[in-house]
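K.L.:
Quick one: this structure, given as structure tokens, is what I'll be asking you about.
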Amino acid sequence: MIAALSLSACATTARMHSEAELNSAATACGFALGQLAQDEEEKKLLFIMEANPTAAKQVCVKQWAKQNGLKPVFIDAVDWVRE
């Protein structure tokens, strides 16, 4: 019982990160602004929208997600339209 209470005390509650926080993480990891996102209904998920991100980018964003109690979800079926 005590062990269960100790573990629950370590669990982080999900929160919505600001656009500035997400953009800061994105640029630090080599992504463009707006390529990292969260959804209000699934706060624990961090969506990364880039086709075939490099291994270095993946490692960087996975580390940031872990530090912030988030699970990274890579969406690589994105075709960006350039005008």
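Computed from the coordinates by the stated procedures, all read-outs in this text should not be read as laboratory data. On a predicted model such as this, the values are computed, not experimentally measured, just so you know. With ideal geometry, Cβ positions are generated from the backbone for all residues, glycine too; neighbour counts draw on all protein chains shown.
K.L.:
Are there any pairs, at least 6 apart or on different chains, whose C-beta atoms fall under 6 Å, with the first in region 28-47 and closer than 17 Å to Val59 by Cβ and the second among the hydrophobic types (A, V, I, L, M, F, W, C) and assigned to a loop (DSSP other than H, G, I, E, B), and if so, which?
P.N.:
Leu46/Leu70
K.L.:
Can you spot a residue in region 34-49 that is among the small types (Gly, Ala, Ser) and loosely packed, with under 13 Cβ neighbours inside 10 Å?
P.N.:
Looking for residues that are among the small types (Gly, Ala, Ser) and loosely packed, with under 13 Cβ neighbours inside 10 Å, one finds at least one in region 34-49, hence yes.
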